[in-house]
Amino acid sequence: MKIVSIINYKGGVGKTSITANLGAELAWRNYNVLLIDLDPQTSLTFSFINPDEWEKRFLKSNTIKDWFDSFESGEVKLLKDLIFVPERVNARLKDKGKLHLIPSHLGLINVDLELATQMGGSNLKQTKKNYIKIHRRLANGINKFNQDDFDVILIDCPPNFNIVTKNAIVASDFILIPAKPDYLSTLGIDYLKRNVNELVRDFNEYVDVDDGSEINKIDPKVLGVIFNMIQIYANVPISTIRPFIKQTKKLGIPVFDSFVRENKSLFGDSPQYGIPVILNAYNNNQTFKGIVKEMEEFVTEFIKKSNIKNGNTRN
């Protein structure tokens, strides 16, 4: 089971579209996939669940926010009890893999403040122990799954580096960075890399302080930057955006060879149907076919880079 955090500080880079389509295509290729929506905007959740259905079935007690809140009540929930199997997308998958989802909540933004109040201690050693405890909360929850429950877990992170985001990174084997090839979208990539390195350094240092701890150090790898929402001409990125791609490569951060072009209507409309673009088999438009081909090439490259194994598991 591989765990991948998907993050960029900049919003509007198609992070959720990448997550939804990556998960759907992996399931189409017979992988058993769990999506965890950690973004308070809940865009990934609403890509698979109608807002009215979410309000009736999930709002009060069946989101990732409720799982974090359960630590305060002392009646800690199991992550597996929050897993939902979206009907429309899985009907399209039929006898392929299966796609699962843990929904988000608009109130998740307040969880970070609550977690921050729990990191103090009577002395430095206790403070560091609390730091590890809080930052490993999601990892510990995921560890309660059986290893063969899922082939891959994709975590859609909020566009920030708060404690909830750090929980995702601490739990992850890999980090995937969707980006648009423009100044603002690429500006924060190096900053993100430095923050991840600082988190890894601090966490591992605190693990060393906790004598006798069985907690492993962390070492999440950056899989790479996937450039998304690209403008193309003659099936290649237009000349004005190529410098941003080249500049990102100079940062020493891996960059996917594949890319995904921009199409606001296709990606914008797909959530209302609960089926990501890549599974829309009934669209014969040439632009659509080009986007699907680009997505498929990206997923093939993703599988190779992450070395995800297909366990042919079914829930």
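The values are calculated or read from the model by the stated rules, or taken from the named source; none is laboratory data. The shown structure was predicted, so the numbers you read here are calculated from the model rather than taken from an experiment. Every residue, glycine as well, gets a Cβ built from its backbone with ideal geometry; the counts of neighbours run over all protein chains shown.
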When the range 1-24 is examined, which residues are found to be within 21 Å of LYS98 (Cα to Cα) and either in a loop (DSSP other than H, G, I, E, B) or more than 15 Å from the chain's Cα centre (by Cα) (or both)?
MET1
I'm trying to understand the selection: among the residues of the range 40-67, which are aromatic (Phe, Trp, Tyr) and farther than 19 Å from THR165 by Cβ?
PHE46, PHE48, TRP54, PHE58
Would you pick out the residues in the range 27-52 that are assigned to a helix (DSSP H, G or I) and either surrounded by 24 or more Cβ atoms within 10 Å (Cβ to Cβ) or among the charged types (D, E, K, R) (or both)?
ALA27, LEU44, THR45, ASP52
Please determine whether any residue of the range 166-176 is closer than 25 Å to ASP66 by Cα, of a type in the set (Ser, Thr, Tyr) and either surrounded by 16 or more Cβ atoms within 10 Å (Cβ to Cβ) or in contact (Cβ under 8 Å) with a residue 60 or more places away in the chain (or both).
yes
Can you tell me which residue within the range 112-158, out of those that are more than 27 Å from ASP81 (Cβ to Cβ) and of a type in the set (Gly, Ala, Ser), is surrounded by the most Cβ atoms within 10 Å (Cβ to Cβ)?
GLY121
Are any residues in the range 246-262 assigned to a strand (DSSP E or B) and not aromatic (Phe, Trp, Tyr), and if so, which ones?
VAL255, ASP257, SER258, VAL260, ARG261
Meets criteria (of a type outside the set (A, V, I, L, M, F, W, C), in contact with a Ser or Thr (Cβ under 8 Å, 6 or more places away or on another chain) and either closer than 26 Å to ASN146 by Cα or modelled with pLDDT under 95 (or both)) for THR117:
no
For residues that are free of Cβ contacts under 8 Å to residues at least 24 places away in the same chain and assigned to a helix (DSSP H, G or I), scanning just the range 58-78, find the one that is nearest to GLY141 (Cα to Cα).
SER70
